[in-house]
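First up is the structure itself, then whatever we jot down about it.
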Amino acid sequence: GKADIVAEANYLQKFKAEFKLPYSFVVSRNDSNQFTYGAGSIPTAVLIDRNGIIRYVESGNSESREREIHETILRLLDEEKRQ
């Protein structure tokens, strides 16, 4: 219910502050995004560019994941500068 949504938002805000994360979280109200982005396991990372195009999807955990996400974001920012 609504209390669960508020509790989740509060938890995410504290988590973001604790780990000094420079990005925001978006929480879906239903499972439609799971199907849209093929998020069949937790965690699943999806990067969507400014045009709404999915540019990176990876499910599960790996040691190289943070580096891959970082490199993908830098590449997307570089593409934006060139346009």
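The values are calculated or read from the model by the stated rules, or taken from the named source; none is laboratory data. From a predicted model like this one, the values you see are computed outputs, not experimental measurements. Cβ placement follows ideal geometry from the backbone for every residue including glycine, while neighbour counts extend to all protein chains displayed. When the accessible area is computed, the model is the full protein with side chains, heavy atoms only, and any ligands, DNA or RNA have been set aside. Shrake-Rupley method; radii C 1.70, N 1.55, O 1.52, S 1.80 Å.
Within segment 68-83, how many residues are among the aliphatic types (A, V, I, L, M), open to solvent by 50 Å² or more (accessible area, probe 1.4 Å) and under 24 Å from Ile42 (Cβ atoms)?
So the count comes out to 1.
Consider Phe35 against the criteria (1) part of a strand (DSSP E or B); (2) more than 12 Å from the chain's Cα centre (by Cα): it satisfies all of them except one. Which criterion is unmet?
Unmet for Phe35, out of (1) part of a strand (DSSP E or B); (2) more than 12 Å from the chain's Cα centre (by Cα): (1).
Quick check: is even one residue across segment 57-67 open to solvent by 70 Å² or more (accessible area, probe 1.4 Å), without any contact (Cβ under 8 Å) to a residue 60 or more places away in the chain, out of contact with any strand residue (DSSP E or B) (no Cβ under 8 Å at 6 or more places or on another chain) and in a helix (DSSP H, G or I)?
yes
Do we have Lys16 as open to solvent by 90 Å² or more (accessible area, probe 1.4 Å), among the basic types (Lys, Arg), within 16 Å of the chain's Cα centre (by Cα) and modelled with pLDDT of 85 or more here?
Answer is no for this residue.
Which one of these does Leu21 not meet: (1) of a type outside the set (Val, Ile, Thr); (2) surrounded by 10 or more Cβ atoms within 10 Å (Cβ to Cβ); (3) outside any loop (DSSP other than H, G, I, E, B)?
That leaves (3) as the condition not met.
For segment 45-56, name all the residues that are touching a residue at least 12 places away in the same chain (Cβ under 8 Å) and open to solvent by less than 50 Å² (accessible area, probe 1.4 Å).
Within segment 45-56, Ala45, Leu47, Asp49, Tyr56 meet the criteria.
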